[in-house]
Amino acid sequence: MASRKEPPSASKLPVEYLRAASWLICGIVGLIALIAALIFDPWSAISNWLAPQPAIGSLPIGLDPSFRLEIDPKRNTASAELYADLVNQNDRMVRYDAELRATVNGKDLDAPVRFGGVVAAHASTMLIVRFADVPIVASPEAFLRYNVTYSFTQGTNSRRTSKRIHWRLNRMPAPPAPDEQKGTIEHRIIMNTDFSDEVEE
């Protein structure tokens, strides 16, 4: 009776076969990992766990931004303030670095305003620019461009928000009488506020 041949054991297989099988297994595992990364993006989750990052667009403008123009008729000069609130919608405190550029009635800031700070969770911070010796014109107009980078105080991954705010005259009512004590005119006018060049990344 002919004896039956036993199949070769893994230890008896040629080294080339074992090497090819190892490469094949590695290739399949790598392909599965790539597909999982494309579908589920686990690397972002791991990265966010190791170095958390604020949600994109989580530091938006809060209340309506304001443009205030104060005229001194005795000196025929004016000063202005532009300000906007940014609201931290995250559940953690964030730190930020801001750069502000502005123009009022055709006059530019001498240099960008740069500063930094922190904002508690669900709190707000104010971006403000002050102008002196602003030209007095019939149709007041102002621009404020802010560029802000922000991150969690316990993290390094940052986000950026940037926007251009434009105030332009809607209608001008008759000017009020000067305040005798202050010597200035507080003139409340109706302005249109437009936003452009918005960036969230």
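Values computed for the structure shown
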item: Extension gain (nm, one decimal) between residue 32 and residue 93, 0.36 nm per residue minus Cα-Cα; result: 18.2 nm
item: Length released on extending from residue 72 to residue 107, taking residue separation times 0.36 nm less the Cα-Cα span; result: 10.9 nm
item: Whole-Hz couplings from phi, Karplus 6.51/-1.76/1.60, listed for region 91-98; x for Gly and Pro; result: 8, 10, 5, 10, 10, 9, 10, 10
item: Residues whose placed amide H lies under 5 Å from that of residue 62, excluding near-sequence neighbours; result: 85, 86, 87
item: Inter-label distance, nm, simple model (7 Å from Cα along the C-beta direction), residue 168/residue 124; result: 2.6 nm
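Where a number appears in this text, it was derived from the coordinates with a stated rule and is not lab data. Just so you know, these numbers come straight off a predicted model, no measurement behind them. In this analysis, Cβ positions are derived from the backbone assuming ideal geometry, glycine residues included, and neighbour counts consider all displayed protein chains.
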